[in-house]
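The values are calculated or read from the model by the stated rules, or taken from the named source; none is laboratory data. Not measured: the values here are computed from a predicted model. Cβ atoms come from the backbone with ideal geometry, glycine included; neighbour counts cover every protein chain shown. Ligands, DNA and RNA are stripped out before the accessible areas are found, and what is left, the full protein with its side chains, is counted by its heavy atoms. Shrake-Rupley method; radii C 1.70, N 1.55, O 1.52, S 1.80 Å.
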Amino acid sequence: MSVDMACLGDVGEFIRGITYKPSDVLTGAEASAIPCLRTKNIQEFLEDDDLVYVPRELVQSEKIVRAGDILVSSANSWNLVAKCCWVPKLSYQATFGGFTSILRAKGPRIDARYLYRWFSSSRVQAMARSFGQQTTNISNLNHKRCLDLEIPLPPLDEQKRIAAILDKADQLRQKRRQAIALLDSLTQSIFLEMFGNPASNSRKFPLVPLSDLINPKDRLNYGVVQPGDGLENGVPLIRISDLKNGAVDRSALKHIDPRISNKHSKSVLNGHEILISCVGSIGEIALASNADRGSNVARAVARVPLREDVSREFVAAYLRTDAVQNYFTKELRTVSQPTLNIKQISETLIPLVNPEEAQRFEEKLRLHRKLKKTQNLQLAETEAMFHSIQHRAFSGQL
C-alpha cells in the first residue's frame, strides 16, 4: 500500500528552549517561579522529580510545554542527542531549558502521538543523531536537517490506529522490564528474610572485618593505576563501567599492554573474586567468573579474594545492603573525586553466618537467576517484536 510522504517541517516544528544564567535559578517557593525541564528529565518517560525553577518573565508563551509535545535533547553527548519523551498532561505549567527543544505537531494532517512514535523510532533516532553538529564535548541537534526528514503520512484515523498498536506493544515491553526490576529487588528481600536487618544485626551474628575473610595467600587490592593506551589483543582490563548487574560485562573491555599488566600482577583475576567500584561511582558490586580469569582491574576497582570456605554470594549480597552502602558513603575521601580506600573496605564488618544457611541462600539465588534469565530472554523477544512492528508501521505494512 502506497503512503503519502511529507517533510517533518510540514507537520511539525521545533521550538528551542529558554536560556538562563545560574544566578536566575530560583528555589521554587517564589511566586514568579516556573519549573524548567532539562535533558536529565528526558528518560523513557518524562521524569519530573528533579526540577529547577526560573523566573516566569524569562518565558514566552510558546515556550510553555503542552500535553502532546515531544521533549527532545538537542545538545548533549553524541549518543543522547535526539533522545525524546512524550509530555503528558501536567498538573503544573512548565518551560524547558536551552539544551532541549520541543517538537510540536502542527496542522490537521498529523496526530501528535503518531508523530511521537515516528520520531522516537530507532531508525529516525539514528538519523537525527547522525545529523548532529559535533563540538569538543557535545553534539547539537541539527533542527533544519531533521525538519527535512520525510515522514509517512497515512490518513489521520490510520495514524491513530498505528500509534495505538505501538502503545500496546510498548506496554508489554514495560511490563517485562518491570518484572525484571522486581526480580532485581528480590535478592535483597531474600537476604533480609533469611538474615534480618544488617543495620541492627537483629539475628546477633558475630561480626568480623572483611580483612579476616581474605585468602591468606592473597590480599585485597586495587588494580592498574596508569593503564596507558588501549592495545588490541592485550590483557583485558575491567573498569567500573564493565561492572553491570552483579557481574562483569565483557562486551566493551579495554585491552592493555601485557607489560603494564605485569607490573600489577597481584591484581590479575583468578575468576573467584568480588569486585567493588571505589573511585567516582562507589559501591557497585560484581562477582568475577571463570571468563574473567587472567584479566586485570583498573585502579577504580577493588579486588576482594575471599577464602574458599567463605560464601562469595552471601558476602556480595551483604555488601549491596543499604547498611554497607551507607557505610561506604560515610567513609568516602574526596580529593579530585570520591574515593573509598582499601582500608575502609577491609574494615567493613561482615556477619559470620552458619555455612548451611549461606548454602541455602546460594540455592535460592540460583533459582532467582534462572528465573531472571528466562525473563531476560522473553524481554529480548518482546523488544524484537516491538522493533519489527515499529518498522512495519512506518513502511506501510501494518
*(1) touching a Phe, Trp or Tyr at 6+ places or on another chain (Cβ under 9 Å); (2) surrounded by fewer than 16 Cβ atoms within 10 Å (Cβ to Cβ); (3) in a loop (DSSP other than H, G, I, E, B): which one isn't true of ASN137, the others all being true?*
(1)
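Results for (1) open to solvent by less than 60 Å² (accessible area, probe 1.4 Å); (2) at negative phi; (3) among the basic types (Lys, Arg), shown as yes or no for each residue.
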| position | (1), (2), (3) |
| --- | --- |
| GLU150 | no, yes, no |
| LEU153 | yes, yes, no |
| ARG161 | no, yes, yes |
| LEU172 | no, yes, no |
| GLN178 | no, yes, no |
| ASN201 | yes, no, no |
| GLY223 | yes, yes, no |
| GLU232 | no, yes, no |
| ALA252 | no, yes, no |
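A quick yes/no check of all residues on (1) of a type in the set (Ser, Thr, Tyr); (2) more than 28 Å from LEU377 (Cβ to Cβ); (3) not in a helix (DSSP H, G or I):
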residue	(1), (2), (3)
PRO154	no, yes, yes
ARG161	no, yes, no
ARG177	no, no, no
LEU183	no, no, no
*Picking from PHE361, PHE394, which residue would you name as being more than 25 Å from the chain's Cα centre (by Cα), closer than 30 Å to THR187 by Cα and surrounded by 13 or more Cβ atoms within 10 Å (Cβ to Cβ)?*
PHE361
_For the list (1) of a type in the set (A, V, I, L, M, F, W, C); (2) within 30 Å of GLY396 (Cβ to Cβ); (3) open to solvent by 30 Å² or more (accessible area, probe 1.4 Å); (4) outside any strand (DSSP E or B), I need the number of the one condition that ALA82 fails._
(3)
_Give all pairs with beta carbons closer than 6 Å in which a residue from the range 99-122 that is open to solvent by 10 Å² or more (accessible area, probe 1.4 Å) meets a residue that is in a helix (DSSP H, G or I) and among the charged types (D, E, K, R); count only pairs at least 6 apart in sequence or on separate chains._
ASP111/LYS160
*Could you please let me know if HIS368 is in contact (Cβ under 8 Å) with a residue 12 or more places away in the chain, open to solvent by 80 Å² or more (accessible area, probe 1.4 Å) and assigned to a helix (DSSP H, G or I)?*
no
*Checking GLY107 against (1) touching a Pro at 6+ places or on another chain (Cβ under 8 Å); (2) modelled with pLDDT under 95, which single condition isn't satisfied?*
(1)
*Starting from the range 61-77, take each residue that is in contact (Cβ under 8 Å) with a residue 24 or more places away in the chain and part of a loop (DSSP other than H, G, I, E, B) and list its partners that are open to solvent by less than 20 Å² (accessible area, probe 1.4 Å) and among the small types (Gly, Ala, Ser), counting only C-beta distances under 6 angstrom and pairs at least six apart or across chains.*
VAL65/ALA94; SER74/SER101
*Count of the range 317-338 residues which are of a type in the set (A, V, I, L, M, F, W, C), closer than 19 Å to ASN197 by Cα and in contact with a strand residue (DSSP E or B) (Cβ under 9 Å, 6 or more places away or on another chain)*: 4
*asked:* Can you tell me how many residues within the range 20-43 are assigned to a helix (DSSP H, G or I) and aliphatic (A, V, I, L, M)?
replied: 0
*Report yes if some residue within the range 2-19 is of a type in the set (D, E, K, R), over 19 Å from LEU115 (Cβ atoms) and not in a helix (DSSP H, G or I); otherwise report no.*
no
